[in-house]
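The values are calculated or read from the model by the stated rules, or taken from the named source; none is laboratory data. Computed from a predicted model, the values in this text were never measured in an experiment. Heads up, the Cβs are rebuilt from the backbone with ideal geometry, glycines too, and the neighbour counts pull from every protein chain shown. Just so you know, the surface numbers come from the protein's heavy atoms only, side chains and all, with ligands and any DNA or RNA stripped out. Shrake-Rupley method; radii C 1.70, N 1.55, O 1.52, S 1.80 Å.
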Amino acid sequence: GQPTTENTEFFITTMGTISTAPPSTMASPSPSYGKIRRKISFSIVALIVFLGAMMRDTNSVKETQQSSYVGQREVFRSSSRQQQQNEQQQQQQQQQRLLEAEASTTTGIETKAQEVSENKEGENSQNHVVDRTLYGNGPRIGVFGESDSWGAGLSSKFDAYPYHLSASTKITNFAFYNAGPNYASVCTETLVGDDTMLDVILLEHYLRAPEGLVDLTTRLKQRFPQALFVFVKLWKPWMLYRKSSSDQLENGESLDEWIARLNLPKGQPEQPLYTPELYEGLQNDTEGGNLWHIPIQQTAEDALEQAMGIVGSQNGYLVTLPMDTNNVQQTLLQHLDYFDSRYGLLTTKAHTYISRQIDQVISEHVPSAEDVTANAQVGTWGNGDACHLWFESGSCPFSHSENFKMVQHSQDMEGNYVLELFPQEEEEEAWIDITNPFETERQLFLSYITSDGESHPKTMVKVHGQETIFNPQSLVDPKHVHPMKTSPLSIPIPPGTHKLQFQSLDVNTKYPFRLVGISFTDEVSVPLLHEFSPLMQINF
């Protein structure tokens with residue numbers, strides 16, 4: 001070890017004593033000479049021991065320094081290797097995120113979307129938001145559509161085409177289960193909200209475009225004047241007909257009727273329409289080339305053309321499924337696996353195709369993310385709306401009498417909550433207190449379940465002495481499904497709280513009156529010329 005201060009002083013004192021001894025004492029021997037010699041010997045030995053210790057300590061320090069340097073060098077190398085590994089890992093993670101974005105996989109996205117959906121409360125919980133900020137600052141996309149946009153018929157609704165889009169930062173899905181556009185056109189502000197910004201708007205309404213696509217496009221264009229509009233036009237197998245002769249004027253028999261007549265098996269429920277037998281049957285229909293056709297949906301085409309005219313050719317684009325109208329039979333043969341066997345809903349393969357078409361439009365026509373954010377402009381909602389729909393949330397914001405009960409209408413799909421009016425005793429009053437939150441009169445709409453006209457009772461609603469009869473007669477396949485219809489009261493509702501009184505006019509129906517929503521809107525800004533269904537089901 002290193003010599004202590006005490007030891008150092010000792011050796012200096014001894015050597016000093018030797019150097020200061022009187023010369024006369026050393027000139028002649030004396031009796032103390034032996035003692036002095038022994039002291040000198042001891043001092044020399046001690047000095048040698050001291051010098052040896054010093055040399056060993058010096059070598060030890062050198063070895064320690066060398067060892068420390070080697071250790072530091074190894075630590076540096078290890079740190080460098082770890083840094084390289086971290087950088088490689090980060091690069092791999094970044095590359096994986098990009099690949100996931102390009103492939104539009106739903107790993108991690110579904111969980112996020114479900115969390116957002118579960119955390120949202122009230123009547124708008126059907127709006128599923130996927131925040132994909134990890135994938136970059138892409139355009140913010142809003143989706144308005146029907147069953148396919150909602151994700152019906154898939155193992156998860158987050159397998160639908162909106163969630164496969166690769167370029168978006170944020171996707172908000174405002175679609176309803178097989179909804180026409182009119183409900184969204186009436187309740188656009190309620191659905192979208194005042195804080196939402198949209199750079200790209202997808203509109204998947206074709207066959208039911210006459211029910212309000214023009215009004216919906218108008219309101220969205222008014223609110224988001226610089227947004228890119230992509231209209232999604234889908235055809236379905238039940239739209240196909242086969243004439244019995246090429247000169248026949250009528251449509252002929254539908255695909256479903258043709259399949260039933262030839263006793264050809266379709267795919268199992270929730271499976272593609274394709275079966276080997278169906279494919280072979282179509283292939284063997286050698287005369288079908290000129291007989292299979294899709295009747296022109298003129299009113300739908302007119303409404304779609306008018307809606308696209310509102311946004312203009314610079315901001316409006318059309319995306320469709322493959323269809324050769326000159327060879328409908330061949331198109332069907334090539335795309336039997338694009339459709340579900342029950343309703344003609346799109347399969348995952350078709351959703352992937354649509355998402356790629358939309359991605360191509362966005363990549364070609366949407367400016368850079370910085371330009372989109374910098375130039376984003378927000379317009380107005382006009383006079384506004386206030387809509388409450390509890391079909392998915394099961395949450396009604398209005399107080400009501402005890403003979404109204406919130407029940408789940410069906411277990412076949414998510415939601416299906418209805419407010420049922422249970423049979424009333426004589427003189428028992430059924431009521432709902434509603435509040436018009438605006439400063440002016442507003443048109444009030446009720447959304448309710450319909451059927452064949454015999455399963456649900458006609459119901460009278462009275463407010464301020466004025467009566468309105470709501471007839472739950474379905475206009476779409478009433479034998480197989482119970483779609484919903486929205487109809488206005490006969491008079492506008494002033495601001496403030498009002499009591500709606502309900503009375504079922506038939507107590508012998510199979511089901512009670514089922515209410516699913518109440519909405520206030522401005523009939524002046526959004527003309528409502530007909531009843532409409534916000535959540536319509538169509539069997540195939």
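Some observations on this one:
- Selection of first residues in the range 485-506 that are at positive phi and of second residues that are modelled with pLDDT of 90 or more, restricted to Cβ pairs under 8 Å at least 6 apart or on distinct chains, gives the following pairs, ordered by first then second residue: Gly496/Thr435; Gly496/Asn436.
- Residues of the range 262-295 classified as outside any loop (DSSP other than H, G, I, E, B), farther than 15 Å from Gln329 by Cβ and acidic (Asp, Glu), total: 1
- Listed by first and then second residue, the pairs with beta-carbon distance under 9 Å, at least 6 apart or on different chains, first residue in the range 389-411 and under 21 Å from Pro437 (Cβ atoms), second of a type in the set (Lys, Arg), are Ser393/Lys120.
- Here Leu444 meets each of (1) exposed (fewer than 15 other Cβ atoms within 10 Å of the Cβ); (2) farther than 21 Å from Val407 by Cα with one exception, condition (1).
- Among residues of the range 426-476 being over 17 Å from Leu515 (Cα atoms) and hydrophobic (A, V, I, L, M, F, W, C), the one that is modelled with the highest pLDDT is Phe438.
- Residue, modelled with the lowest pLDDT, within the range 119-155, restricted to residues that are open to solvent by 20 Å² or more (accessible area, probe 1.4 Å) and among the polar types (S, T, N, Q): Asn119
- Residue that is nearest to His400 (Cα to Cα), among those in the range 458-473 that are among the charged types (D, E, K, R) and assigned to a strand (DSSP E or B): Lys462
- Residue in the range 481-504 that is open to solvent by 40 Å² or more (accessible area, probe 1.4 Å), at pLDDT below 85 and either within 30 Å of Leu255 (Cα to Cα) or touching a Lys or Arg at 6+ places or on another chain (Cβ under 8 Å) (or both) present: yes
- Subset tally (residues that are surrounded by fewer than 13 Cβ atoms within 10 Å (Cβ to Cβ), touching a strand residue (DSSP E or B) at 6+ places or on another chain (Cβ under 9 Å) and closer than 18 Å to Met323 by Cβ) for the range 262-306: 1
- In summary, Ile259 fulfils each of the numbered conditions (1) touching a residue at least 60 places away in the same chain (Cβ under 8 Å); (2) surrounded by 18 or more Cβ atoms within 10 Å (Cβ to Cβ); (3) not aromatic (Phe, Trp, Tyr) with the single exception of condition (1).
- Among the residues of the range 307-335, the ones that are open to solvent by 50 Å² or more (accessible area, probe 1.4 Å), closer than 12 Å to Trp292 by Cα and not in a loop (DSSP other than H, G, I, E, B) come to 1 in all.
- Filter result for Ala307 (among the small types (Gly, Ala, Ser) and within 15 Å of Leu203 (Cβ to Cβ)): yes
- Restricting attention to the range 193-225, the residues that are open to solvent by 10 Å² or more (accessible area, probe 1.4 Å) and either of a type in the set (Ser, Thr, Tyr) or not in a loop (DSSP other than H, G, I, E, B) (or both) total 12.
- Residue pairs whose Cβ atoms lie under 7 Å apart, sitting 6 or more positions apart in sequence or on different chains, and linking a residue in the range 294-316 that is farther than 27 Å from Pro237 by Cβ to a partner that is open to solvent by less than 20 Å² (accessible area, probe 1.4 Å) and part of a helix (DSSP H, G or I), are Ile310/Thr217; Val311/Thr217.
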